[in-house]
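Notes to accompany the following structure.
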Amino acid sequence: MDVVAEFWLNDPLKAAANLESLADQSSYPVRTLRYGTSFRGRELVVFQAGDGPLRAVVVGGMHAAEMANGFGMLAFAHTLSTGESPWGEELGDWVGDLLRRQTITLVPFHNIDGAARMSRFLPGSYTRNRFNAADWDRYLHFVRDPIMRFGLTRGIDHFLTDEQMRVFVEEEDGVLGQLWSDQGVDLWEDWLNLRAPETRALRDFLDEIRPDCIFELHNHEGQSQMFVPVPAAKGRDRMTQLEYGERMMTALMEEGLPCSRHSVRTYGIPESLNQFPDVAYERYRCLVLFAEVCFGLTLDRQRELARSNPLSERDADLREPTQEEIIRTVWVWLRALVDMGGERGYR
């Protein structure tokens, strides 16, 4: 199987049909579900596998251009539907046992409007097709616009006003950066305000599931890495998150995949920027994990910053993963997570 051709979609809007096809052809207990509609009226689709009592939810694509994790989830959905890895490994017995004991829900493109927008901006839905390692200033605009245009501060200004959207998009013909939904909301930072229909829909869906585990995936310029524990975690939960993070990072290293050589680390940003994982932890009191997968481009400026930071200096000169390695990184992490969760009940 050509893994990149099969799972790395030029148009992420095709993902729902791909998942439905997998579910229709599978002999395993798998299905697609709709949990709401986006700001633009698009269906919000999840892939769910299994009927077991342990409930794990994997969320990706909160930020518009962070599509690579969703492509990795498509590969994992393929395995849960067929009993075979994308690389030809026979896993039928493993999948059958897994789906008897667990219910696994994959949310590949939560910000589906943003993914559609960014797939038009990024040829092949791939950042390297638009930017190179020297493009720091251009890349900052791609991520943040129009934060600098209106003098906004990330972590304080969680959404754009209607007037800001009108001026930037209509009058100035600007392109919203990857942080935003088409409504001008950072969906990751919307869990206290609940301004976006996407946020309200996912909250209500999670309320129905009452998950034992939530694993949230982002994409980033740095090496693939686990950030645990989330800031809100308390007591023994902090150690539990670290244990899962270590196991999942070890799985990448054993596969020889490009990843951080610092293993797990704390997520050292202001708590106002950490709304989804913290609110999820407080609301569901379940295992909450946060990770970033390198989307295949590390900028020169990012490497300079890494060299000056004790938490990232060993990663400064590592190579970026290929598209297939990005897909495999997500797949390996998910297998390690559900295996450990099955052993420990996500505790």
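Structure values in brief
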read-out	value
Which label in (1) 1.02; (2) 1.08; (3) 0.94 gives the computed Rg/Rh (Cα atoms, Kirkwood Rh)	(3)
Heavy atoms of residue 81 accessible to a 1.4 Å probe, total area in Å² rounded to 10	10 Å²
Range in the chain, longest, excluding exposed chymotrypsin sites (Phe, Trp or Tyr not before Pro) [loop by DSSP; at most 14 other beta-carbon atoms within 10 Å]	151-347
Residues with amide H under 5 Å from that of residue 37, placed H, sequence gap 5 or more	44
Å² of accessible area per residue within the chain, as computed with a 1.4 Å probe and no ligands counted	39 Å²
Heavy-atom SASA rank of 212, 190 (probe 1.4 Å, accessible area, largest first)	212, 190
Listed residues 62, 253 arranged by accessible area, highest first, probe 1.4 Å	253, 62
Vicinal HN-Hα couplings computed from phi for region 133-143 (Karplus, 6.51 cos²θ - 1.76 cosθ + 1.60; Hz; Gly/Pro x)	5, 8, 8, 4, 5, 4, 5, 4, 5, 4, 6
Centroid-to-centroid separation of region 161-239 and region 1-49 [C-alpha atoms, Å]	20 Å
Structure-based [θ]222 nm, the chain - -39500 (n - 2.57) summed over DSSP H runs of at least 4, per residue, nearest 500	-12000 deg cm²/dmol
Table column - 3J(HN,Hα) (Hz), region 322-333, Karplus curve with 6.51, -1.76, 1.60, x for Gly and Pro	6, 4, 5, 5, 5, 4, 5, 4, 4, 4, 5, 4
Area of residue 157 that stays accessible when all protein chains are in place (1.4 Å probe, Å², to 10)	50 Å²
Phi-based couplings in Hz for region 204-219 (Karplus 6.51, -1.76, 1.60; Gly and Pro marked x)	5, 5, 5, 4, 5, 6, 6, x, 8, 8, 10, 10, 10, 10, 10, 10
Sequence of 289, 305 from largest to smallest accessible area, 1.4 Å probe	305, 289
The chain - percent relative contact order, Cα under 8 Å, separation 6 or more	21 percent
Within the chain, longest stretch clear of exposed GluC sites (Glu not before Pro) (DSSP loop, no more than 13 other Cβ within 10 Å)	173-347
Rounded to 5, the percent of DSSP beta bridges in the chain classed as antiparallel	45 percent
Segment residue 51-residue 162, extension gain: residue separation times 0.36 nm, minus the distance between their alpha carbons	35.6 nm
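The values are calculated or read from the model by the stated rules, or taken from the named source; none is laboratory data. Since the structure is predicted, the reported quantities are computational estimates derived from the model, not experimental observations. Heads up, the Cβs are rebuilt from the backbone with ideal geometry, glycines too, and the neighbour counts pull from every protein chain shown. Ligands, DNA and RNA are excluded from the accessible area calculation, which covers all protein heavy atoms including side chains. Shrake-Rupley method; radii C 1.70, N 1.55, O 1.52, S 1.80 Å.
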